[in-house]
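Trainee: Got a structure for you, written out below as structure tokens; questions coming shortly.
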Amino acid sequence: DVKVTQSSRYLVKRTGEKVFLECVQDMDHENMFWYRQDPGLGLRLIYFSYDVKMKEKGDIPEGYSVSREKKERFSLILESASTNQTSMYLCASSFLRTWAYEQYFGPGTRLTVT
Amino acid sequence: AQSVAQPEDQVNVAEGNPLTVKCTYSVSGNPYLFWYVQYPNRGLQFLLKYITGDNLVKGSYGFEAEFNKSQTSFHLKKPSALVSDSALYFCAVPTSGTYKYIFGTGTRLKVLA
């Protein structure tokens, strides 16, 4: 079974802090994604990566950056956390560079910025 | 532009009754369509997908979905609902030319005992 793990289930940070969210997948997937999930808005794509050191902006990249130094690991960085970044963050991965394959999701990190 | 819509925020159904969760889409070309489910405090899980072929697609946990090209719909169905089916359901469509997916806003299904 594909396993996608995220470093924390719950995280509380203060405004202005630098925040790292880590995601690891064990199925050698090329594609990895970071989404945020907010009630009534569904899932919105922050960044995705289709290969090591490759990244592309999603729909809401402002205030975020990403890092993919190894194929299995994709990190989301909040350079200076703000209260409007309080949300559920979901990592996902998928096989091959095609949209015919489903995504596999991690359990999510619920981030609260105070 | 590609889009997907879930017109109902919430669907309530009695246990044992059939359920339908609606999804309509707008895509150019032949669509690839996905359904995911999210149980409380969990990530999303893949349920089923339509790529090509038979309009009725069968998936996990007894769910199926019917692709209707003329109505641009891909409704999720189950003949007999279980209380354990209560969850948040998302329809998704990939955007052509990229590796990005567009997700609907989600429909909360409540199955009442």
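Trainee: Just to be sure before I move on: is residue B:15 acidic (Asp, Glu), over 29 Å from residue A:110 (Cα atoms), surrounded by 13 or more Cβ atoms within 10 Å (Cβ to Cβ) and within 12 Å of the chain's Cα centre (by Cα) in the structure I sent? Show your work before the answer.
Mentor: Numbers: acidic (Asp, Glu): yes; over 29 Å from residue A:110 (Cα atoms): yes; surrounded by 13 or more Cβ atoms within 10 Å (Cβ to Cβ): yes; within 12 Å of the chain's Cα centre (by Cα): no.
When the stated conditions are applied, residue B:15 does not pass them.
Trainee: Could I ask something else about it? Looking at the structure I just gave you, is residue A:95 of a type in the set (Phe, Trp, Tyr) and more than 12 Å from chain B (Cβ to nearest Cβ)?
Mentor: no
Trainee: Go through (1) assigned to a strand (DSSP E or B); (2) surrounded by fewer than 19 Cβ atoms within 10 Å (Cβ to Cβ); (3) modelled with pLDDT under 95 and name the single condition residue A:49 misses.
Mentor: Unmet condition: (2).
Trainee: Let me confirm something: among B:94, B:40, which residue is out of contact with any Gly (no Cβ under 8 Å at 6 or more places or on another chain) and under 18 Å from residue A:106 (Cα atoms)? Reasoning before the result, please.
Mentor: On the way: B:94 fails: under 18 Å from residue A:106 (Cα atoms).
Only one candidate passes the filter, namely B:40.
Trainee: A further question on this structure: Test residue A:75 against the criterion of being within 16 Å of residue A:5 (Cα to Cα) and assigned to a strand (DSSP E or B), and give yes or no.
Mentor: Values: within 16 Å of residue A:5 (Cα to Cα): yes; assigned to a strand (DSSP E or B): yes.
Here the answer is yes, as residue A:75 does meet what is asked.
Trainee: Same structure, new question: Consider residue A:113 carefully, then state whether it is free of Cβ contacts under 8 Å to residues at least 60 places away in the same chain, away from chain B (no Cβ under 12 Å) and either touching a strand residue (DSSP E or B) at 6+ places or on another chain (Cβ under 8 Å) or farther than 17 Å from residue A:7 by Cα (or both). Please lay out each step first, then the result.
Mentor: Values: free of Cβ contacts under 8 Å to residues at least 60 places away in the same chain: no; away from chain B (no Cβ under 12 Å): yes; either touching a strand residue (DSSP E or B) at 6+ places or on another chain (Cβ under 8 Å) or farther than 17 Å from residue A:7 by Cα (or both): yes.
The answer is no for residue A:113.
Trainee: Identify, from the list B:76, B:82, the residue that is aliphatic (A, V, I, L, M), touching a residue at least 12 places away in the same chain (Cβ under 8 Å), closer than 29 Å to residue A:31 by Cα and out of contact with any Gly (no Cβ under 7 Å at 6 or more places or on another chain).
Mentor: Numbers: B:82 fails: closer than 29 Å to residue A:31 by Cα.
The unique qualifying residue is B:76.
Trainee: Next question, about the same structure. Take the residues in region B:51-75 that are over 19 Å from residue B:107 (Cα atoms) and within 11 Å of chain A (Cβ to nearest Cβ), then tell me which one is surrounded by the most Cβ atoms within 10 Å (Cβ to Cβ). If you could, list the steps in order and put the result at the bottom.
Mentor: The first filter runs over region B:51-75 and keeps only residues over 19 Å from residue B:107 (Cα atoms), leaving B:51-58, B:68-71.
Filter once more, keeping what is within 11 Å of chain A (Cβ to nearest Cβ): B:51-52.
Numbers: B:51: 14, B:52: 9.
In this case the residue turns out to be B:51.
Trainee: I need the full set of residues from region A:1-10 which are buried (at least 17 other Cβ atoms within 10 Å of the Cβ) and more than 11 Å from chain B (Cβ to nearest Cβ), in order please. Steps first, answer last, please.
Mentor: The first filter runs over region A:1-10 and keeps only residues buried (at least 17 other Cβ atoms within 10 Å of the Cβ), leaving A:4, A:6.
None; the set is empty.
The values are calculated or read from the model by the stated rules, or taken from the named source; none is laboratory data. Keep in mind it's a predicted model, so treat the numbers as computed, not measured. Neighbour counts run over all protein chains shown; Cβ positions are idealised from the backbone, glycine included.
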